[in-house]
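Written out below as structure tokens is the structure these notes cover.
The values are calculated or read from the model by the stated rules, or taken from the named source; none is laboratory data. The shown structure was predicted, so the numbers you read here are calculated from the model rather than taken from an experiment. Here the Cβ positions follow ideal geometry from the backbone for every residue, glycine too, while neighbour counts run over all protein chains shown. The accessibility values were calculated without ligands, DNA or RNA, using every heavy atom of the protein model including side chains. Shrake-Rupley method; radii C 1.70, N 1.55, O 1.52, S 1.80 Å.
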Amino acid sequence: MDIAALLDELFGRIAEHVHEAVDGLDPDALTRTPAPGTNSIGWLVWHLTRVQDHHVSELLDEPQLWVTGRWSSRFGLDPDPDNTGYGHTPAQVAEVRPDGADALVGYYDAVAARTSAYLPTLAPADLDRVVDERWDPPVTLGVRLVSIADDDIQHGGQAAYVRGLLKPD
């Protein structure tokens with residue numbers, strides 16, 4: 001099996017979750033939470049995009065689109081490359097305020113396009129390359145890509161679930 005095609009299929013499925021979760025929602029619906037202390041649809045989609053942008057930019061040794069583009073201002077945030085949402089308090093979740101669904105979709109699509117351009121460059125042997133020695137065992141490229149996709153798919157599903165709970169349609 002062609003590993004690049006397999007990874008492209010895996011990452012390609014995330015966009016559908018992102019688009020469906022935010023389609024037609026206004027900023028209020030995107031930032032509404034189902035209960036105090038929980039995550040909003042906007043935060044979940046922003047976070048999954050930030051994780052992919054952060055991790056893939058490290059793999060490419062390139063700046064994050066969050067930092068180099070106009071995206072942060074569309075979310076009411078600074079272009080802090082370390083702010084991916086990990087460990088956010090409820091107050092920090094509330095600070096993520098996309099100005100509309102198109103901000104979430106636009107940022108995600110830009111990040112996904114960069115990831116999609118990267119995947120065909122990979123050969124099976126590349127997946128064994130260690131990309132992060134801060135962990136025991138060290139993280140390989142293959143494991144990092146699976147981790148990114150897993151995180152994104154999980155949060156995309158959570159965003160869809162929150163949408164169903166809030167019945168914003």
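Just subtract the alpha-carbon distance of D102 and T38 from 0.36 nm times their residue separation and send over the number in nm, one decimal.
20.8 nm
Name the residues whose placed amide hydrogens come within less than 5 Å of the amide hydrogen of V131, ignoring near sequence neighbours (fewer than 5 apart) on the same chain.
Those qualifying (amide H under 5 Å, at least 5 residues apart or on another chain) are V139, T140, L141.
Mind listing the phi-derived Karplus ³J(HN,Hα) values for region 110-122, rounded to whole Hz, using 6.51, -1.76 and 1.60 with θ = phi - 60°, and x for any glycine or proline?
Computed from phi, the couplings for region 110-122 are 5, 5, 5, 5, 5, 4, 4, 6, 6, 4, x, 7, 8 Hz.
Mind checking region 42-148 for GluC sites (Glu not before Pro) that DSSP puts in a loop (not H, G, I, E or B) and that have at most 10 other Cβ atoms within 10 Å? Could the numbers behind the result be given before it?
Numbers: sites: E58, E95, E133; in loops: E133.
For GluC sites (Glu not before Pro) across region 42-148 that sit outside H, G, I, E and B with at most 10 neighbouring Cβ atoms in 10 Å, the list reads E133.
Modelling each spin label as a point 7 Å along the Cα-to-Cβ direction, I'd like the S147/Q92 distance in nm, to one decimal.
1.8
Test of understanding: given the chain, find the longest segment containing no chymotrypsin sites (Phe, Trp or Tyr not before Pro) that are in a DSSP loop and have at most 11 other Cβ atoms within 10 Å.
Values: sites that count: Y86, W135.
Longest site-free region, per DSSP loop and neighbour criteria: 1-85.
Just to verify a number: FRET efficiency for M1 and R134, C-beta to C-beta distance, R0 = 35 Å, to 0.05?
That pair, M1 with R134, gives E of 0.70.
In degrees between 0 and 90, to the nearest 10, how far off the longest principal axis of the chain does helix 41-60 point, with axes built from Cα atoms?
20
Rank these residues by their accessible area, most exposed first, probe 1.4 Å: D78, D2, D109.
On the way: D78 115, D2 95, D109 60 Å².
Reading off the accessible areas and sorting them downward yields D78, D2, D109.
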